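A short worksheet on the structure shown next.
The values are calculated or read from the model by the stated rules, or taken from the named source; none is laboratory data. Quantities reported herein were computed from a predicted structural model and do not represent experimental measurements. Backbone-built Cβ (ideal geometry, glycine too); neighbour counts: all protein chains shown.
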Amino acid sequence: MDFWSGCLRVPGGRPVLVARGGAATRAALEQVDFGELDRSLRDTDLLVDAGRLRDSETPSRLYEPADFVVVVVRPRCESVAVLLDRAESLSAERPLLAVVVGGGSYPVGEIDAALRQTTGDRAWVLASVAGDSRGAAALATDGGRERALRRSLLARTVRPVTDLLVHFCSAGTPVPSRPAGT
């Protein structure tokens, strides 16, 4: 099967290969040689969802070839605690960027400060996006709700984040900016 034939087109035209997630996808990801995949898809940026941080330790071979690692976190005690616990190892060889989703107990600035302190400025909050269940539902469907997705709060708040990630992919490894919320 051709790689591109398995991809979906999201609003904006970028091809995206989507997997269901879970244990089976995690096991399959552990078998992929991402360095070889990256070399064979020269002008392609790879964004790989390697599962939840709270699961057993994500094998480092999943992110070793990465220029940077992006984690999505909710501003709640359990999520922030797991992130801070894993931040040191995830940012040891490359920057760790956090995207905070939705509301919760911890302001973005506090999460950013804790990440920077824990990792010596090797990790920081890149952005925050809306927690939008309707937008997420539109994203999860088979494209029949493309208009709903395009107009959703989720799409409007995620678009600048994806633009930043695309920029980082073309410009090189990101460096820390000023702390979030300042």
* Asked: Out of the residues in the stretch 122-131 that are under 30 Å from LEU149 (Cα atoms) and out of contact with any helix residue (DSSP H, G or I) (no Cβ under 6 Å at 6 or more places or on another chain), which is surrounded by the fewest Cβ atoms within 10 Å (Cβ to Cβ)?
  -> GLY131
* Just a yes or no: is a residue in the stretch 87-99 modelled with pLDDT of 65 or more and closer than 26 Å to ALA148 by Cα? -> yes
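Name the one entry in THR157, THR141, THR162, THR119 that is more than 17 Å from the chain's Cα centre (by Cα) and either surrounded by 14 or more Cβ atoms within 10 Å (Cβ to Cβ) or at pLDDT 90 or above (or both).
Exactly one of THR157, THR141, THR162, THR119 is more than 17 Å from the chain's Cα centre (by Cα) and either surrounded by 14 or more Cβ atoms within 10 Å (Cβ to Cβ) or at pLDDT 90 or above (or both), namely THR119.
Considering only residues of the stretch 144-154 that are modelled with pLDDT under 70 and assigned to a loop (DSSP other than H, G, I, E, B), which is nearest to VAL72 (Cα to Cα)? Don't jump to the end; show me each part of the working.
So in the stretch 144-154, the residues modelled with pLDDT under 70 come out as 144-146.
Adding the requirement that they be assigned to a loop (DSSP other than H, G, I, E, B) leaves 144-145.
Details: GLY144: 26, ARG145: 24 Å.
The selected residue is ARG145.
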* Name, by its number, the condition in (1) of a type in the set (Ser, Thr, Tyr); (2) at pLDDT 90 or above; (3) in a helix (DSSP H, G or I) that does not hold for TYR106. => (3)
* **Identity of the residue in the stretch 165-182, exposed (fewer than 13 other Cβ atoms within 10 Å of the Cβ) and hydrophobic (A, V, I, L, M, F, W, C), that ends up modelled with the lowest pLDDT** => VAL175
* Taking the stretch 122-138 as the region of interest, how many residues are at pLDDT 90 or above and of a type in the set (S, T, N, Q)? -> 1
* Yes or no: GLY102 within 22 Å of LEU153 (Cα to Cα), among the small types (Gly, Ala, Ser), touching a strand residue (DSSP E or B) at 6+ places or on another chain (Cβ under 9 Å) and without any contact (Cβ under 8 Å) to a residue 40 or more places away in the chain? -> yes
